[in-house]
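The block underneath contains the structure these notes are about, expressed in structure tokens.
The values are calculated or read from the model by the stated rules, or taken from the named source; none is laboratory data. Please read these numbers as outputs of a predicted model, since none were measured by experiment. Positions of Cβ are generated from backbone atoms using ideal geometry, with glycine treated the same way; all protein chains shown enter the neighbour counts.
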Amino acid sequence: MSDDRSERLRQRRKESQERVRESGSSEVSETAEASEPAEQSESSKPSKPDKPDETGDAEGDVDDSSVKEEQVGTYMYLPQSQKKELERLYNMLKAEYEYEYGEEFEKNRAFYPLVVKYGFESLDGLDASEIRERLDSL
């Protein structure tokens with residue numbers, strides 16, 4: 001399974017590089033290469049120009065940039081039940097938010113940062129025995 005994912009990522013990176021070359025954005029890619037580590041610049045050089053404005057005017061210029069350019073990729077392993085619950089919660093919040101505000105609720109740009117922020121708040125200040133209790137309840 002991880003081989004498929006890595007192959008897809010390699011393919012996307014290759015396609016992104018080809019799009020940059022085709023669009024004649026050598027100045028942009030040279031700047032990105034000079035300011036970022038090699039692996040990160042390859043995966044985050046191009047923003048998605050064909051993607052419509054995602055959040056309206058609320059965030060200003062942030063709309064045109066890729067989430068990869070704004071945030072740091074973080075990978076984690078979860079039990080299947082937690083992954084399923086995370087997906088369910090995202091889908092519920094996405095539907096409610098998009099219905100209410102008429103704008104996209106992105107998983108990587110909005111949902112995951114909310115989960116982490118409010119997860120931090122609920123764990124902040126716990127002592128060792130409280131941490132043990134929460135681990136035992138997983």
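Some observations on this one:
- The stretch 1-13 residues that are under 19 Å from S66 (Cβ atoms), paired with ones that are modelled with pLDDT under 75 and surrounded by 10 or more Cβ atoms within 10 Å (Cβ to Cβ) (beta carbon under 6 Å, 6 or more apart): R13/E42; R13/S43
- Residue check for K94: surrounded by 15 or more Cβ atoms within 10 Å (Cβ to Cβ) and either in contact with a strand residue (DSSP E or B) (Cβ under 9 Å, 6 or more places away or on another chain) or part of a helix (DSSP H, G or I) (or both): yes
- Residue count for the stretch 82-111, restricted to those that are among the hydroxyl-bearing types (S, T, Y) and modelled with pLDDT under 95: 0
- Within the stretch 75-91, being surrounded by fewer than 10 Cβ atoms within 10 Å (Cβ to Cβ) and assigned to a helix (DSSP H, G or I) holds for Q80, S81.
- Counting only residues that are aliphatic (A, V, I, L, M) and more than 30 Å from S65 (Cα to Cα), the stretch 105-135 holds 5 of them.
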